[in-house]
Amino acid sequence: MTLPICTYCQASFTWKQCIGRVDRNQCTECLGVNTLSKKSKMFIVLPYVVAFFIMIYIGFFTSLPGYFNGIFIVAFVFVNHVLFQPFLLHYTKEQDHSF
Ligand SMILES: [Zn+2]
């Protein structure tokens with residue numbers, strides 16, 4: 001797993017730069033604006049789709065208390081967003097606005 005690189009100057013984004021602001025990321029080296037590729041957007045949505053099905057499973061097919069789902073989704077979103085998402089990002093040059 002590697003962190004995304006700038007499409008203009010190939011400088012690597014830092015982990016911190018990839019948290020919270022994922023759609024568009026301005027390179028600190030060359031100031032070029034990078035936008036997420038379509039493929040990357042799919043990869044980012046996928047964990048949440050999986051989490052949704054896990055929540056349905058917990059809610060309907062286990063006898064765990066309801067708050068367990070709440071704890072699960074908070075922990076999942078935090079871990080996914082902070083630890084894994086930065087490595088799923090792949091940027092293209094700014095002109096790709098179609099999605
Ligand atoms: Zn750059």
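Every number here is computed from the coordinates shown, using simple stated rules; none is lab data. Being a predicted model, the structure only gives us computed values, none of them experimental. Cβ atoms come from the backbone with ideal geometry, glycine included; neighbour counts cover every protein chain shown.
Below, the figures for the structure above:
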item: Whole-number percent relative contact order across the chain, with pairs defined as alpha carbons under 8 Å at least 6 apart; result: 42 percent
item: Distance in nm between pseudo-label sites at I54 and I5 (7 Å out along the Cβ direction from Cα); result: 3.2 nm
item: Estimated 222 nm signal from helices in the chain, with DSSP H stretches of n ≥ 4 weighted -39500 (n - 2.57), rounded to 500; result: -13500 deg cm²/dmol
item: Top of F13, F43, F60 by mean-square fluctuation, Gaussian network on the chain, Cα under 10 Å; result: F60
item: Phi to ³J(HN,Hα) by Karplus 6.51 cos²θ - 1.76 cosθ + 1.60 over the range 9-20, Hz, x for Gly, Pro; result: 10, 6, 6, 7, 6, 7, 4, 4, 5, 9, 9, x
item: Fully extended contour minus Cα-Cα distance, from T92 to E29, at 0.36 nm per residue; result: 21.1 nm
item: Rel. contact order, % - alpha carbon contacts under 8 angstrom, at least six apart, the range 21-79; result: 19 percent
item: Proportion of all alpha-carbon pairs of the chain beyond 18 Å (%); result: 52 percent
